[in-house]
1. Per-residue counts of other Cβ atoms within 10 Å, averaged by peptide: what ranking do you get for 473-486, 311-324, highest first?
2. For the stretch 282-350, rounded, prolate or oblate, judged on the Cα gyration tensor with a ≥ b ≥ c (square roots of eigenvalues), a/c < 1.5 rounded, else prolate if a/b > b/c?
3. Count of lysine pairs in the stretch 39-467 with Cα atoms under 17 Å apart, counting only pairs 8 or more residues apart in sequence or on different chains?
4. From the Cα gyration tensor of the stretch 47-156, with a ≥ b ≥ c the square roots of its eigenvalues, which class applies: rounded if a/c is under 1.5, or else prolate if a/b is larger than b/c, or else oblate?
5. Given contacts defined as C-alpha pairs under 8 Å and at least six residues apart, what's the relative contact order of the chain, whole-number percent?
6. Grab the DSSP H runs of the chain that are 4 residues or longer, score each as -39,500 (n - 2.57), total them, divide by all residues and round the 222 nm result to the nearest 500 deg cm²/dmol.
7. What figure in square angstrom, to the nearest 10, would you give for the accessible area of M57 with a 1.4 Å probe?
8. Applying 1/(1 + (r/R0)^6) with R0 = 22 Å to the Cβ-Cβ distance of Y446 and Q155, what FRET efficiency is obtained, to the nearest 0.05?
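The values are calculated or read from the model by the stated rules, or taken from the named source; none is laboratory data. The structure displayed is predicted, hence computed values, not measured ones. When we count neighbours, we look across all protein chains shown, and the Cβ atoms used for this are built from the backbone with ideal geometry, even at glycine. Only protein heavy atoms, including side chains, enter the accessible area calculation; ligands, DNA and RNA are left aside. Shrake-Rupley method; radii C 1.70, N 1.55, O 1.52, S 1.80 Å.
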Amino acid sequence: STMRERKTTDTLHSTDPLHSSADLSEGKKKLRLKQEVGLISGVSLIAGTMIGSGIFMSPEWVLHHMGNPASSLLIWAACGLLAMFGALSYAELGTIIKESGGEYIYILRIFGSFPAFLFAYTSVILVRPAGLAAVCLSFAEYAIAPFYPGCSSPQVAVKCTAAACILILTIINCLNVRLATSVMNIFTAAKLLALLVIVVGGLVLLAKGQTQSFQNGFQGTTTGIGAVGVAFYQGLWSYDGWNNLNYVTEELKKPEVTLPRALMIAIPLVTCLYLLVNVSYLAAMTPSELLSSGAVAVTWGDKVLGSWAWLISLSVALSTFGSSNGTFFSGGRVCYIAAREGHMPAILSMAHVRCLTPSPALLFTSAMSLIMIISGSFTSIVNFFSFMAWLFYGMTISGLLYLKIKKPGLPRSYKVPIVIPIIVLMAAVYLVLAPIIDQPQIEIFYIVLFIFSGIIFYFPLVHFKYHPPFLQRVTLHLQLLLEVAPTTKDAN
């Protein structure tokens, strides 16, 4: 059969919630992904994915929606706190359910097959490839900008560069997990260095007395719930990636220790850097200059670094490449885990027999991203990325609250105070509902329609287990072509 049968014990309502569907019979050699992600790589995966193009582009939009510098800094701090609370909640989930897959596996184990399929369907087909395509396009814009001084880069060149970026990432991630994590570590170090340059430059400007942007800082603050919600969306886009380590739990060394520690190091580090970078921007520019800037970091470089301003463009290109590598690394795992649970074709649940990487899932994610880059019609969907993300974050956090209240006896090495997931759930409800109530848009209706279109595929293929005969032949040929074999879960 080309789709794996899900056992009826696959949810946390079963007697053995953690490993009910794992095949771990002794004496048989099983193919599985290696545990090669340590603490440093874990911190790099989180920080490296979070620090993408957002901090170099989003500050002007947060300022635009909030109306003044002081309240925009509060939004950046609140976004960091919310990301930290969300990550701590996910850390507890990760120590209860020690499986890769992030929200998908948590929704599956707690709420069952149908909502998990809808998440996987939306994430694998749309959200992850669209996010990857957007970050790669940002990389392409900055990478080729020096070749077209004084004018905008041709779209053909931008799209070809973005496509090349995706293909390079595919090769790196298919070859070796250690190679992919090494790339993450190197690019994370490079982007942290770039942000430190901006921070030090800002502190020098403040020491020279350039504090005019912070006088009457709260004057003209926006108070509309919709505007504040959209400002949060812009800020949270820059923090996106705080949950990435939960997608690769089975590949972590000592996940019960590494997962909470990596989160507690990476997210406060990124939050402090983001706040200091925003202060630096406001020290170098007036609010009106910042609002009129097309790319805040580049404008900052022109004002502060002079002839060395090209370093900022290079840093943004490196930053977005590193971020897209992290997005690709974790995004391919969602596809792989969903296939392993029977929610995607079985070929996507297989790993390369020598490289031990989920290459079919990575190739599929790559193909979907390339389609989005070529079509160029995904922009409106990406704009509502946060709406979809927080819809599923809210669902996942409500699952944690269910486990804390109904199943407090489940073994877990880390416990988060119950007030933290309650705050995250309230924030998720606000972020989903605020833009709908304040300024309803037809695109949100299209997104909800797309999510529920998964019903068309769920009932025949998963619920009633209808397996088209041709898929078995296709799977066999692809197995031989790609040199892949079925995998088993790690017995953490």
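1. On the way: 473-486: 14.3, 311-324: 23.6.
Going from most to least packed, we get 311-324, 473-486.
2. Numbers: a/c = 6.45, a/b = 3.16, b/c = 2.04.
Prolate, because a/c is 1.5 or more and a/b exceeds b/c.
3. Lysine pair count for the stretch 39-467: 10.
4. On the way: a/c = 2.74, a/b = 1.48, b/c = 1.85.
Cα axes put the stretch 47-156 in the oblate bin.
5. Working: 782 pairs, mean separation 166.6, N = 492.
Over the chain, the number comes to 34 percent.
6. Working: 21 runs with 324 residues, N = 492.
So the helix-based figure for the chain works out to -21500 deg cm²/dmol.
7. 60
8. Numbers: r = 24 Å, r/R0 = 1.11.
Efficiency, rounded to the nearest 0.05: 0.35.
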